[in-house]
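Have a look at the structure below, then the notes.
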Amino acid sequence: MNTRKLLLGAALSFSLAAAVVPAASNARAAQKAGAAEQSEPKTFTHEAGGITFTVPAGWKAEPDGEQITVSPEEGGISIVLWVTKEDDFEDAAKALGEELGKQVKNLKFDGEPKEGTHNGMSYESVKGSGQIEGQDIIFSADLLAAKKPVIILSFGTAEGLQKHSGEYTELVKSIKKIG
């Protein structure tokens, strides 16, 4: 894991999310279009990634190809889950790093990448802050070793993250590998 840790750390130092701004734009567009809010928790399966997770009541999920963006109806926080094109964990870490710095300005990391296990799947995670479109954000970028590497990018305002911390925690706890 040390090689992956170095790759992830080095890659993240250069870059955060071409996916962040499009995801934020998609979330805004969905809100404007009147996307239906979930009145009850709903379980989603991401077949390509080999994971399943439960979206909290009052939140919406917007699938778009290999990407699913999940957020509360009023915004403030978004979670983007997507499968990398790379099958290898190290290559996926590098790809994530290449995406990170493209849209986040004044990118700052909160310490070194961390690694661990979540519901039987290895992961690496880095947290930090920056700005997107002039707005201060806090983010967490996680790379999960499921059927294929899955990136889970969580970002939002400090207020949004605090307001929805309980629901966010439940969503994260619900992420499990299929079969």
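The values are calculated or read from the model by the stated rules, or taken from the named source; none is laboratory data. Remember, predicted model here, so these are calculated numbers, not experimental data. Note that each Cβ is placed from the backbone with ideal geometry, even for glycine, and that neighbours are counted across all protein chains shown.
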Checklist outcome for this item: Picked from segment 40-72 (must be under 25 Å from Ile138 (Cβ atoms) and among the polar types (S, T, N, Q)), the residue surrounded by the most Cβ atoms within 10 Å (Cβ to Cβ) is Ser71
Checklist outcome for this item: Filtering segment 161-172 for residues that are in contact with a Phe, Trp or Tyr (Cβ under 9 Å, 6 or more places away or on another chain) and either of a type in the set (A, V, I, L, M, F, W, C) or not in a loop (DSSP other than H, G, I, E, B) (or both) leaves a count of 4
Next on the checklist: Suppose we filter segment 133-169 for residues that are crowded, with 16+ Cβ neighbours inside 10 Å and among the acidic types (Asp, Glu); how many remain?
Outcome noted: 2
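Can you find even one residue in segment 147-156 that is without any contact (Cβ under 8 Å) to a residue 60 or more places away in the chain, out of contact with any Ser or Thr (no Cβ under 6 Å at 6 or more places or on another chain) and not in a strand (DSSP E or B)?
The answer is no; no qualifying residue exists.
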Checklist entry - For Lys114, are the conditions met, namely being at pLDDT below 90 and among the basic types (Lys, Arg)? => result no
Next on the checklist: Among the listed residues Gly128, Gly75, Gly116, identify the single one that is surrounded by 14 or more Cβ atoms within 10 Å (Cβ to Cβ) and touching an Asp or Glu at 6+ places or on another chain (Cβ under 9 Å).
Outcome noted: Gly128
Checklist entry - So how many residues does segment 116-146 have that are outside any loop (DSSP other than H, G, I, E, B), closer than 19 Å to Lys105 by Cα and of a type in the set (Gly, Ala, Ser)? => result 5
